[in-house]
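The values are calculated or read from the model by the stated rules, or taken from the named source; none is laboratory data. Model, not experiment: these values are computed from the prediction. Cβ placement follows ideal geometry from the backbone for every residue including glycine, while neighbour counts extend to all protein chains displayed. To get the accessible areas, we keep the full protein, side chains included, count just its heavy atoms, and leave off ligands, DNA and RNA. Shrake-Rupley method; radii C 1.70, N 1.55, O 1.52, S 1.80 Å.
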Amino acid sequence: MNFAVESTILVMALLLITGVFTAKFSSRLGLPSLVFFILVGMLLNRYIYFDNAILTQFIGTLALIVILFEGGFKTKSSHIKKVYKPALSLATLGVIGTTAVIGTAAKYILGLNWPESMLFGAIVGSTDAAAVFAVLGNKNIKTKLTSTLEAESGTNDPMAIFLTVSILELIQEPDTSIPGLIFSFVWEMAAGLILGYLLGKLAVWIINKISLDSSGLYPVLSIALAVFTFGAATLFHASGLLAVYVMALVVGNADLTYRHSILRFNEGFAWMSQIVMFMLLGLLVFPEQLLLISWQGIALSLIAILLARPFGVFLSLMFAKYSVNEKIFISWAGLKGAVPIVIATYPLVAGIENGRLLFNAVFFVVLTSALIQGASISKLASLLKFSGGEKKETAHTLELISIGKTNNEIIEVAIEEDALIAGEEIRCVNLPDNTLITAVVRQDRLITPVGNTVLLPKDSLYILVHKAKREEVKRILKQKREISDNDGGPAPIMEVEKDGSI
């Protein structure tokens with residue numbers, strides 16, 4: 001191994017270590033970690049010359065697949081169902097409105113022609129899933145708002161990419177058919193949704209049915225299936241990123257074996273993807289070029305934050321049941337991030353005349369958005385009374401990890417209010433042979449189960465079960481209590497001591 005290779009490996013290790021410490025430092029300052037990752041890349045630009053837009057676009061796309069999969073996997077479908085209509089309106093009409101306003105501003109501030117100015121608007125028209133998931137992830141903000149923002153950021157990237165690619169095509173080939181572009185958009189969105197759903201169902205079946213030699217292979221399989229979904233969708237000229245997000249929603253909300261292993265692996269891989277992607281994007285920009293457009297960049301950033309984004313939000317949510325304060329918060333939380341910068345490499349790769357100017361201006365807008373909006377989201381949420389402080393994560397997870405093949409697994413089942421077993425002792429629950437309740441989690445307390453432990457509503461049970469008996473066990477535990485007309489309701493639940501005994 002020569003010195004150059006060894007030095008490269010050492011630099012990569014130092015970058016990842018720097019990224020980890022940077023993430024911790026950024027959370028204490030209340031700034032999105034992407035700001036620090038980008039700044040580290042810009043500092044390294046002084047010592048490492050890098051201008052490979054094609055490689056950046058490729059790595060950025062792979063990173064976005066991982067980030068979207070991780071974000072969609074953790075999103076509850078019950079939350080999305082309540083907000084999917086306004087989220088889709090934000091992802092389409094909202095992006096178009098934002099594009100029109102910021103594109104018009106770019107026409108006069110950057111001195112571009114109309115096609116190039118609208119291209120700039122399309123690039124910065126969407127919010128960024130990586131930035132939104134990262135900033136809102138540990139904030140206990142009103143569920144309706146976080147679900148709307150996460151669903152929007154997961155679905156508006158395809159719209160921004162479509163607009164960017166379409167305008168680029170019009171710039172390079174002015175005779176391009178407009179009806180053809182409209183048909184292409186409808187096809188991309190519809191096919192992306194359908195393929196994402198079908199491949200998500202297939203992924204669940206594969207993960208649950210396949211018997212791998214090591215539990216560590218299941219997370220790798222899940223990421224491979226996400227990348228496959230993107231590739232398959234693009235092969236059919238569908239929206240790959242939309243397909244990945246829908247596929248992740250399906251997989252994340254399914255009854256999945258080795259769920260916690262997959263979740264933890266995806267969290268770590270998503271963080272590594274963010275670190276590499278943002279640092280690489282920072283390397284691609286030249287700070288001295290940013291200084292040349294400093295006042296233009298500041299002007300466009302303020303217009304994007306204070307005018308374009310609010311216009312898009314209020315336009316798309318005109319008939320939705322959101323208060324003015326909720327619309328203001330959604331407007332302010334529309335963070336820009338990696339997606340606009342990755343899309344900004346498209347003009348560079350296409351070689352259009354003002355490609356570098358567009359890239360630098362987009363970079364400036366993204367960095368400003370992250371600094372101003374990202375740092376103040378929590379304060380605004382508190383001011384508008386949408387925040388409940390830091391989000392409390394479940395402290396208990398339990399999973400059967402095996403270095404070899406096993407026919408058993410640990411599943412988690414939550415006891416519902418009207419469950420037949422609510423108020424029953426464990427010894428009275430008729431479970432299949434060789435099935436064992438290994439732990440009971442009650443209000444953040446871990447209870448060691450014994451025969452006379454009484455099960456209460458909202459308890460989470462961790463159960464060791466044979467894979468073939470999983471559905472039967474869940475059916476027994478989720479069976480509803482029948483209430484007759486003569487009953488005043490379900491049988492009263494006995495009071496229990498803190499240790500779970502009567």
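The H on the amide N of Leu420, modeled in the peptide plane, is under 5 Å from the matching H of Gln479, Lys480, Arg481, each at least 5 residues off or on a different chain.
Of the residues Tyr258, Val349, Pro310, the one whose Cα sits farthest toward the positive end of the charge dipole of the chain, with +1 on the Cβ of Lys and Arg and -1 on the Cβ of Asp and Glu, is Pro310. In the complete set of protein chains, residue-level accessible area for Tyr346 is approximately 50 Å², probe 1.4 angstrom.
Accessible area per residue, 1.4 Å probe, Å², for the chain: what's the number?
48
Each residue, Ala414 and Asn208, gets one label point 7 Å from its Cα in the Cβ direction; the gap between the two is 1.9 nm.
Per-residue ellipticity at 222 nm, computed for the chain from helices alone with -39500 (n - 2.57) per DSSP H run of at least four residues, works out to -19500 deg cm²/dmol. In segment 48-199, Cα pairs under 8 Å separated by at least six residues give a relative contact order of 26 percent. Between Leu436 and Ser294, the modelled labels are 6.8 nm apart [label points 7 Å from Cα along Cα→Cβ]. About its Cα centre, the dipole of segment 136-256 is roughly 540 debye, where the only charges are +1 on Lys and Arg Cβ and -1 on Asp and Glu Cβ. Against the chain, whose longest principal axis comes from its Cα atoms, helix 3-29 is set at around 70 degrees. Taking label points 7 Å from Cα along the Cα-to-Cβ direction, Leu217 and Arg445 give a separation of 4.3 nm.
Pairs over the 29 Å Cα-Cα cut-off, from the set Lys107/Lys321; Lys76/Lys107; Lys74/Lys458; Lys321/Lys379: Lys107/Lys321; Lys76/Lys107.
Each pair of Cα atoms in segment 34-148 enters the Kirkwood radius, and Stokes-Einstein at 25 °C and 0.890 mPa s then converts it into a translational diffusion coefficient of 145 µm²/s.
In this entry, segment 210-331 is assigned a mean projected area of 12.3 nm², taken as a quarter of its C-alpha convex hull surface.
Residue ranking by accessible heavy-atom surface, 1.4 Å probe, largest first, among Leu256, Leu217 comes out as Leu217, Leu256. Here segment 252-385 was treated as a single set of alpha-carbon atoms; its pair distances binned every 5 Å from 0 give 2, 9, 14, 15, 15, 14, 14, 10, 5, 2, 0 percent. Take every pair of alpha-carbon atoms less than 8 Å apart whose residues are at least six positions apart; their mean separation over the length of the chain yields a relative contact order of 21 percent. Across the alpha-carbon atoms of segment 132-255, the computed radius of gyration and Dmax are 17.3, 56 angstrom.
Taking the C-alpha atoms only, the angle from helix 53-74 to the longest principal axis of the chain is near 30 degrees.
Multiplying the residue separation of Ala468 and Met272 by 0.36 nm and removing their Cα-Cα distance gives an extension gain of 67.0 nm.
Using every pair of distinct Cα positions in the chain, the Kirkwood expression returns a hydrodynamic radius of 24.7 angstrom. Of the solvent-accessible surface of the chain, computed with a 1.4 Å probe and all protein chains present, 64% belongs to carbon and sulfur. A straight Cα-to-Cα reach below 15 Å connects Lys480 with the aspartates and glutamates Glu416, Glu417, Asp418, Glu424, Glu472, residues fewer than 8 places away in its own chain not being considered.
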